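Chemist: Here it is, the structure in full.
The values are calculated or read from the model by the stated rules, or taken from the named source; none is laboratory data. Predicted, not measured: the structure shown is a model, and the values here were computed from it. Reconstructed Cβ throughout: ideal geometry from the backbone, glycine too, with neighbour counts over all protein chains shown.
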Amino acid sequence: MSNESKVLATIEDMTSSFAAGDIDGVMSAYAAGAVVVGEPGQTTTGDAELRKMFAGFIEAGVSFTYGDHEVVISDDTALHLMKWTSPGPNGETMSALSVAVLRRQHDGAWKMVIDHPFGDGVMQDQ
């Protein structure tokens, strides 16, 4: 399996686990010390805090539709880009560019170290 395929498998495993409400499966996609932007301008790190954040999203019924993937790899670091859409709280459709940085682990697996689902926020009119 190519490194690009392994990166995509990590992302697909995470998104499938999220859709299934499987917090352990979600967490298996992240390296120790990973940082996730759970909402614009708010970072979350640490196992307990990330579990609480993801559980809150799952309990609230948050769901996503994912677009095409782009992966760029340099040595042991990968950049993953993907557009997502989701029904918003007021019936509007939300969408953004997910930007994730993954690092190859000693066992060859790829894990996310930075996950920023609102990566195009700096492009938005304010």
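Chemist: Is it the case, given these coordinates, that Gly56 is farther than 15 Å from Thr15 by Cα, part of a helix (DSSP H, G or I), out of contact with any His (no Cβ under 8 Å at 6 or more places or on another chain) and not β-branched (Val, Ile, Thr)?
Modeler: Numbers: farther than 15 Å from Thr15 by Cα: yes; part of a helix (DSSP H, G or I): yes; out of contact with any His (no Cβ under 8 Å at 6 or more places or on another chain): yes; not β-branched (Val, Ile, Thr): yes.
Spelling it out, Gly56 is indeed farther than 15 Å from Thr15 by Cα, part of a helix (DSSP H, G or I), out of contact with any His (no Cβ under 8 Å at 6 or more places or on another chain) and not β-branched (Val, Ile, Thr).
Chemist: For the range 86-126, enumerate the residues that are under 21 Å from Thr44 (Cα atoms), of a type in the set (A, V, I, L, M) and touching a residue at least 12 places away in the same chain (Cβ under 8 Å).
Modeler: Across the range 86-126, the qualifying residues are Ala96, Leu97, Val99, Ala100, Val101, Leu102, Met112, Val113, Ile114.
Chemist: Is one or more of the residues making up the range 33-46 under 15 Å from Thr10 (Cβ atoms), touching a residue at least 24 places away in the same chain (Cβ under 8 Å) and acidic (Asp, Glu)?
Modeler: Taking every residue of the range 33-46 in turn, none turns out to be under 15 Å from Thr10 (Cβ atoms), touching a residue at least 24 places away in the same chain (Cβ under 8 Å) and acidic (Asp, Glu).
Chemist: Of all residues in the range 1-50, count the ones that are at pLDDT 95 or above, in a loop (DSSP other than H, G, I, E, B) and in contact with a Gly (Cβ under 9 Å, 6 or more places away or on another chain).
Modeler: Selection size over the range 1-50: 1.
Chemist: Could I ask something else about it? Quick one: would you say Glu92 is under 22 Å from Phe18 (Cα atoms), at pLDDT below 95 and charged (D, E, K, R)? Before you say what the answer is, go through the steps one by one.
Modeler: Numbers: under 22 Å from Phe18 (Cα atoms): yes; at pLDDT below 95: yes; charged (D, E, K, R): yes.
When the stated conditions are applied, Glu92 passes them.
Chemist: So if I check each of Ala96, Ala100, Ala78, which one is in contact with an Asp or Glu (Cβ under 6 Å, 6 or more places away or on another chain) and under 16 Å from Glu12 (Cα atoms)? So that I can check it myself, show each step before the final result.
Modeler: Values: Ala96 fails: under 16 Å from Glu12 (Cα atoms); Ala78 fails: in contact with an Asp or Glu (Cβ under 6 Å, 6 or more places away or on another chain).
Being in contact with an Asp or Glu (Cβ under 6 Å, 6 or more places away or on another chain) and under 16 Å from Glu12 (Cα atoms) holds for just one of Ala96, Ala100, Ala78, which is Ala100.
Chemist: In addition: Looking only at the range 71-84, count every residue that is without any contact (Cβ under 8 Å) to a residue 60 or more places away in the chain and either loosely packed, with under 11 Cβ neighbours inside 10 Å or in contact with a helix residue (DSSP H, G or I) (Cβ under 8 Å, 6 or more places away or on another chain) (or both) and tell me the total. Don't jump to the end; show me each part of the working.
Modeler: Initial filter on the range 71-84 (without any contact (Cβ under 8 Å) to a residue 60 or more places away in the chain): 72, 74-77, 79, 81, 83-84.
With the extra rule that they be either loosely packed, with under 11 Cβ neighbours inside 10 Å or in contact with a helix residue (DSSP H, G or I) (Cβ under 8 Å, 6 or more places away or on another chain) (or both), the set shrinks to 74-75.
Of the residues in that region, 2 qualify.
Chemist: Report the residue count in the range 97-120 for those that are assigned to a strand (DSSP E or B) and within 12 Å of the chain's Cα centre (by Cα). It would help to see each step written out before you state the result.
Modeler: Pass one, the range 97-120, residues assigned to a strand (DSSP E or B): 97-104, 110-116.
From what's left, within 12 Å of the chain's Cα centre (by Cα): 97-102, 111-116.
Residues meeting the conditions: 12.
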